[in-house]
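Only the coordinates and a few stated rules stand behind these numbers; no lab work does. What you are looking at is a predicted structure, and each value in this text was computed from that prediction instead of being measured. Every residue, glycine as well, gets a Cβ built from its backbone with ideal geometry; the counts of neighbours run over all protein chains shown.
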Amino acid sequence: MGLITLAGGLALSSAAAAAPTGSGAGGPLLAGPDLSARSSPNLAGATSGGAISRSQLHRKLKQLAKKAPPSSGFYVYDTDAAGNKVLFDRKDGKRRKLASNTKLFTTATALHRLGPESRIETLVRARGSVTPGGRLKGDLYLVGGGDPTLGSSGIKSLAKQVKRAGIKRVKGSVRADDSIFDSKRGVPDSGFGPSPYIAPLSGLVYGGSSYSTDPALEAGSAFKQQLRKRGVKVGGRVKIAKAPKKLNGREPIASVESPTIAAIVEATNKPSNNFYAEMLLKRLWATSNRRGTTRGGTKAVERFARSRHSRISQLDGSGLSDNNRSAPRDVVRLLVAMRAHRAHAAFYDSLPIAGKEGTLDERMEGTAAAGRCRAKTGTIDGVSSLSGYCNAGRGKVAFSLLMNGVASYDAARKIQDKMTIEIARYRP
């Protein structure tokens, strides 16, 4: 198993085969909280019949767009058309609130910078000497790598490896090292304090859910408990502390890997997992010499978007803030750029399939869009968005439907669904 070295020298491990989306050495990929409702508006009367022409599609989308709130924008683009690729555009150049469509930019950047097959490691390092009888005259450091999926199976594996290394007793303590990220536990929308929509962020987390104590302490306590179950006694209490730099040159005595970045991205986009999105955002900025931060992550995302001729003004990774904004045209430019990216399959597969899974599992069922379109939903106060791809035209049609000033989410989703259904019916 090799190592992929990122900017700044920080390494991620790479495996030839991806772990299943739902599991991995780090633990289960949890769905987490989400603001995107899955309820399906009543589509009685929605057309799901045969193919329609370009002019018919334009006319139908124009009629539906008139029913949307005035502060809405739309852009529909035939990625495989020979000539004019723009199928429909209305107020497509003005930046609008994205809600969870922000995750499209976060996850695309994660796939680009980290690599779809790379994995995040959690390590155990030992300080001090080990006697012939297996007594460590020092401490064990549980070193987080920013893995949002670390859970019971990963912690158990680490404890087993410590025992196999011959350690039977630790004179010191378990020290939880979360220093790969900064100490801010929340996001800008919550003033970087506790948020009702995501678990506390940390470079070392456990279980991906809410914590009664600090995330790193929770992980360290779980690790100490698993050591005890395997007969490894630890003298001191769990503490938060950064591992000394001199330990970095030594082989860790234990390690576990997350599922692939591709699997984490899928577990972010399909259920619209805010926690995973924010953890990935911080991970984008982390190097061996630099802590991962929300602001640093947004810089990385904005730079990647510009490199793909797209633009976003981003404040967080998940879309909770009103200040995550992009224009429908720029969202589509990102989607088009990802079709040509080496990680295109991982990005495309991460989006929910209409009528079948994730936040679209109960939307557009039994229509022309079901099974033919993949898209990311987004919902915050006054905002409803849907952006993605449909198998239509001569290949793929990319679209972004950003609605601001929404009074009725059901009405907004009904318009989005009808527009997506018509896009799916389009044939040149």
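General observations
- Translational diffusion coefficient of the chain (Stokes-Einstein, Kirkwood radius from Cα pairs, 25 °C, 0.890 mPa s): 110 µm²/s.
- Region 190-322 - Rg and Dmax from Cα coordinates, angstrom: 17.3, 57
- Among Ile253, Ile155, Ile415, residue whose mean-square fluctuation peaks in a GNM of the chain (springs only between Cα atoms under 10 Å): Ile253
- Sorted by Cβ neighbour density within 10 Å, fewest at the top, the residues Asp381, Asp92: Asp381, Asp92
- Cα centroid separation - region 191-255 against region 258-309, whole Å: 21
- Those aspartates and glutamates that a straight Cα-Cα span of less than 13 Å connects to Lys97, excepting residues fewer than 8 apart in one chain: Asp316, Asp322, Asp330, Asp381
- The largest-to-smallest principal axis extents of the Cα set in region 332-428 are 39, 25, 25 Å.
- Between Ser183 and Asp381, residue separation times 0.36 nm minus the direct Cα-Cα distance comes to 68.5 nm.
- Taking all Cα pairs closer than 8 Å and separated by 6 or more residues, the relative contact order of the chain comes to 26 percent.
- In degrees, nearest ten, helix 294-307 long axis to first principal axis of the chain (Cα): 50
- Cross-link partners of Lys62 among lysines (Cα-Cα below 20 Å; sequence separation of 8 or more within a chain): Lys85, Lys91, Lys94, Lys414, Lys418
- Exposure proxy ranking for Glu121, Glu422, Glu251, Glu362, based on other Cβ atoms within 10 angstrom of each Cβ and starting from the fewest, stands as Glu251, Glu362, Glu121, Glu422.
- With a simple spin-label model that places each label point 7 Å from the Cα along the Cα-to-Cβ direction, the separation between Asn391 and Gln56 comes to 2.0 nm.
- 16 Å Cα-Cα reach of Lys168 towards aspartates and glutamates, excluding residues that sit fewer than 8 places from it in its own chain: Asp139
- Counting only alpha carbon atoms, the long axis of helix 152-164 and the longest principal axis of the chain meet at about 30°.
- Helix 409-425 and the longest principal axis of the Cα set of the chain meet at an angle near 70°.
- Shown here are the Rg and Dmax of the Cα trace of region 121-257, at 14.8, 53 Å.
- Values of log10 I(q)/I(0), in the order q = 0.17, 0.20 Å⁻¹, for region 276-369 under a Debye, Cα-only, solvent-free model: -0.91, -1.14
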